[in-house]
1. Of all residues in the range 139-167, how many are surrounded by fewer than 21 Cβ atoms within 10 Å (Cβ to Cβ), touching a strand residue (DSSP E or B) at 6+ places or on another chain (Cβ under 9 Å) and free of Cβ contacts under 8 Å to residues at least 60 places away in the same chain?
2. Please enumerate the residues belonging to the range 57-84 that are closer than 15 Å to residue 119 by Cβ and among the β-branched types (Val, Ile, Thr).
3. List the residue pairs whose Cβ atoms are under 7 Å apart, where the first residue sits in the range 46-68 and is farther than 26 Å from residue 103 by Cα and in contact (Cβ under 8 Å) with a residue 40 or more places away in the chain, the second is surrounded by fewer than 20 Cβ atoms within 10 Å (Cβ to Cβ) and not aromatic (Phe, Trp, Tyr), and the two are 6 or more positions apart or on different chains.
4. Where residues in the range 124-177 are among the small types (Gly, Ala, Ser) and under 15 Å from the mean Cα position of the chain (by Cα), which of them is farthest from residue 45 (Cα to Cα)?
5. If we only count strands (runs of 3 or more DSSP E) wholly inside the range 76-177, which ones have 1 or more residues that are basic (Lys, Arg) and more than 21 Å from residue 63 (Cα to Cα)?
6. Looking at the range 47-72 only, could you name the residues that are of a type outside the set (Val, Ile, Thr) and either within 11 Å of residue 12 (Cα to Cα) or assigned to a strand (DSSP E or B) (or both)?
7. Taking into account only those residues within the range 87-112 that are surrounded by 19 or more Cβ atoms within 10 Å (Cβ to Cβ) and within 23 Å of residue 177 (Cβ to Cβ), which is farthest from the chain's Cα centre (by Cα)?
8. Tell me, please, whether a residue that is at pLDDT 95 or above, within 22 Å of residue 155 (Cβ to Cβ) and out of contact with any Ser or Thr (no Cβ under 9 Å at 6 or more places or on another chain) can be found in the range 94-113.
Amino acid sequence: MSGAASGVRVRLEPWEDSAFCLELLRRVNSAEMTAHLGGPESEEQILVRHRRYAELIGPGAGRMYRVVLVPEEETVGSIGYWEREWRGASVYETGWAVLPPFQGRGIAAAAAGEVARAAAAQRTHRYLHAYPSVGHPASNGVCRKAGFTLVGECEVEYPLGTMMRCNDWRLELWPPA
């Protein structure tokens, strides 16, 4: 699965239960990368996350991916979508991480477009949501560039046990019938 935004081309590769994918999770687990998410996770939490990502493959349940920059063929981050209950409805949620040397180039927005296409192809949930912290301008910019609509501010529990003030961005995956 591949796509482009602003001249940037990416390909999404399904997450695997591999040392390569586990090392990618460790690389995005820095203080810099997790500043808006409650800080780095422990090694045990990273291992649990890796297993959860690798097992997220059921029909309609969602999927995690490595983001590969094309034509360089370099893995530059991760993105995925998964089911969640939101305000009385089942929706998909998305989240991403792009390694610092590759940020600011439109990679996350290109990947978000690709993950939206993958979620839409499931025909399971009509909406894809993203919940970046209100204080994270880069992630809010990704939502804007990827065509999401700002619904408003909200509280989301992340990490577990901590409420975070977020923006609720929503993308309609297909038009109403």
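The values are calculated or read from the model by the stated rules, or taken from the named source; none is laboratory data. Nothing here was measured: the structure is a model prediction, and the numbers come from that model. Note: ideal-geometry Cβ built from the backbone for every residue, glycine included; neighbour counts use all protein chains shown.
1. 14
2. If the condition is that a residue be closer than 15 Å to residue 119 by Cβ and among the β-branched types (Val, Ile, Thr), then 57, 79 are the ones that fit.
3. 60/122; 60/124
4. Among those residues, the one meeting the criterion is 147.
5. 163-172
6. Scanning the range 47-72 gives 62, 63, 64, 65, 66, 69.
7. Among residues in the range 87-112 that are surrounded by 19 or more Cβ atoms within 10 Å (Cβ to Cβ) and within 23 Å of residue 177 (Cβ to Cβ), the one farthest from the chain's Cα centre (by Cα) is 91.
8. So far as the range 94-113 goes, yes, one or more of its residues are at pLDDT 95 or above, within 22 Å of residue 155 (Cβ to Cβ) and out of contact with any Ser or Thr (no Cβ under 9 Å at 6 or more places or on another chain).
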